[in-house]
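J.: My structure is below; once you've seen it, I'll send some questions.
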Amino acid sequence: MVKEERTERDSNESLMRRFSRTIMSTGLVKRKKSKLFFVRRPNRRKVRESAIRRKTHKEQREYDLKTGKIKEQPRYNRSRN
């Protein structure tokens, strides 16, 4: 259970912001949302086919990079600093 105490200097907005940030950092919301719907595990055939598809796409991309059909693009940093 997450608890945030209000100090004398805190406004309601800052308390709610701090509480929301604490909840998000614990991962509680993410877990609850994932439990909202039942997601079936894919069967072995689908897992195998998707692995083969990923492998062939990776090999094709490496070949295209090597032959110069496509240029390597820089990967974007997805962190929010």
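J.: Tell me yes or no: at least one residue of the stretch 64-76 is loosely packed, with under 11 Cβ neighbours inside 10 Å, of a type in the set (Asp, Glu), at pLDDT below 90 and in contact with a Leu (Cβ under 7 Å, 6 or more places away or on another chain).
T.: Yes; the residues of the stretch 64-76 include at least one that is loosely packed, with under 11 Cβ neighbours inside 10 Å, of a type in the set (Asp, Glu), at pLDDT below 90 and in contact with a Leu (Cβ under 7 Å, 6 or more places away or on another chain).
J.: Which pairs turn up if I take residues in the stretch 19-44 that are under 28 Å from residue 7 (Cα atoms) and in contact (Cβ under 8 Å) with a residue 12 or more places away in the chain and look for partners that are of a type in the set (Val, Ile, Thr) and part of a loop (DSSP other than H, G, I, E, B) with beta carbon separation below 9 Å, at least 6 apart in sequence or on another chain?
T.: Qualifying pairs under 9 Å: 19/2; 22/2; 23/2; 26/2; 28/2.
J.: Still on this structure: Going through 48, 41, 31, 54 one at a time, which residue ends up being at pLDDT below 95 and assigned to a helix (DSSP H, G or I)?
T.: Numbers: 48 fails: at pLDDT below 95; 41 fails: assigned to a helix (DSSP H, G or I); 54 fails: at pLDDT below 95.
Within the list 48, 41, 31, 54, the selection yields 31.
J.: Among the residues of the stretch 6-38, which ones are loosely packed, with under 11 Cβ neighbours inside 10 Å and of a type in the set (A, V, I, L, M)?
T.: 36 - this is the single residue of the stretch 6-38 that is loosely packed, with under 11 Cβ neighbours inside 10 Å and of a type in the set (A, V, I, L, M).
The values are calculated or read from the model by the stated rules, or taken from the named source; none is laboratory data. Please read all numbers here as calculations on a predicted model, not as lab measurements. Note that each Cβ is placed from the backbone with ideal geometry, even for glycine, and that neighbours are counted across all protein chains shown.
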